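Below is one structure, written out as structure tokens; the observations come after it.
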Amino acid sequence: MCASRATPPARPAKRPASGTASRAPARAAKTANAPKAAKAPKAAKQAPIAPHRPSTPEPEPTATNNPTTRNLADARRTRSTDTAYRELRRKIIESELAPGTQVLEQELALMLGCSRTPIREAAVRLQSEGLVRIVPRRGIRIVPVSISDIRHIYDVLISLESTAAGLVAARRDADLAPLDDACARMTDALASGDMLAWAQADEEFHETLVALGGNTRLMQLVMNCRDQVHRVRRLTQRVKPHPQPAKSIEEHLAIVAAIRRGDAASASGLYRAHRERGWRDQTNVLMQFGIQQA
């Protein structure tokens, strides 16, 4: 009979490594009991930063925004306009720019050595005086004066100037030395045959007499009329010399004598007769040479 094998004894269960099992539950318990760390607060959202824009500095004074500079520029422009006005007016009255002539602004600017702006502004003033007519894009046209217009102008001029002669006589305190001086220079010029100097002294006599009247409005009206008459006079003098220069001097002296006496009626009457004779002389010259306008 066979002997039965003995059953080997059971192996004792493996013990965990020393300290491992005991550390795990302890770690878990420690973790569970540990206070949770406070979460960091979220950063507040910042508003978007606007791009840097430099502040606009105050404008520096320049030629365009400086009041002093602007005033100086305006003054220069006014002087340029006045100069252009005087020179154009002189050329028209002296018939250097003939009646009926049409001139471009650019041509006038070159003639006077200035820009077109003063020419344009001067033309407006001359047009208001009846000396020119502005033609858009074509410059200006020198306005001619017909013989009938000249007669009407003379009627106004004679009435105004004879009134001025009476005003001077009525004042009794007027300084008549400039009138005496004008008569003396007319006499000297006639003696030397200088008819241009004679005509200049004759004009000064008439201008001075009107100024001595002391009426500014009357003087302004006389000057406007006299410019038209002056053109005719210059034209007739070039065509034919003054027919009676010595008689004009005599008439001037008689007018001054009446003023000195304080005889307003006589001074006014003598002046009227003097001017009417001058108009007849000029009309005869115009008719003789067939001149219908000036």
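Bear in mind these aren't lab numbers, they're just calculated from the coordinates by the rules spelled out. Keep in mind the model is a prediction, meaning the values are calculated, not measured. Virtual Cβ from ideal backbone geometry, glycine too; neighbours counted across all protein chains shown.
Model label points for V239 and L110, set 7 angstrom from Cα along the Cα-to-Cβ axis, are 3.2 nm apart.
Just check the stretch 159-237 against the gyration tensor rule for me: Cα atoms, a ≥ b ≥ c as the square roots of the eigenvalues, rounded for a/c under 1.5, and otherwise prolate or oblate depending on whether a/b exceeds b/c. It comes out oblate by the Cα gyration axes.
Indicate the gyration tensor shape class of the stretch 67-142 (rounded, prolate or oblate), computed on the Cα atoms with a ≥ b ≥ c the square roots of the eigenvalues: a/c under 1.5 is rounded; otherwise a/b larger than b/c is prolate and the rest oblate. Prolate.
Each Cα pair under 8 Å and six or more residues apart adds its separation to the average, and for the stretch 70-212 the resulting relative contact order is 18 percent.
Based on the alpha-carbon gyration tensor of the stretch 147-288 and its eigenvalue square roots a ≥ b ≥ c, which shape applies: rounded if a/c is under 1.5, prolate if not and a/b is larger than b/c, or oblate? Let's see the in-between values first.
Working: a/c = 1.85, a/b = 1.26, b/c = 1.46.
Note, shape of the stretch 147-288 comes out oblate.
Available extension along the chain between D227 and D155 is 24.5 nm, counting 0.36 nm per residue and deducting the alpha carbon span.
Each label point is 7 Å from the Cα along the Cα-to-Cβ direction; what then is the distance between the points at E129 and Q288, in nm? Going from the E129 label point to the Q288 one covers 3.0 nm.
Among the trypsin sites (Lys or Arg not before Pro) within the stretch 167-248, those in coil by DSSP and having at most 12 neighbouring Cβ atoms inside 10 Å are R172.
Subtracting the Cα-Cα distance from 0.36 nm times the residue separation, let me have the gained length for M219 to R261 in nm, one decimal. Can you show the working numbers first?
On the way: separation 42, 0.36 × 42 = 15.12 nm, distance 2.32 nm.
Full extension of this stretch gives 12.8 nm more.
Using the Cα centre as the reference, give the magnitude of the dipole from point charges on the C-beta atoms of the stretch 156-251 (Lys, Arg: +1; Asp, Glu: -1; all else neutral), rounded to the nearest 20 debye. Walk me through the numbers before you get to the answer.
Details: 11 positive and 14 negative charges, 100 e Å.
Rounded to the nearest 20 debye, it is 480 debye.
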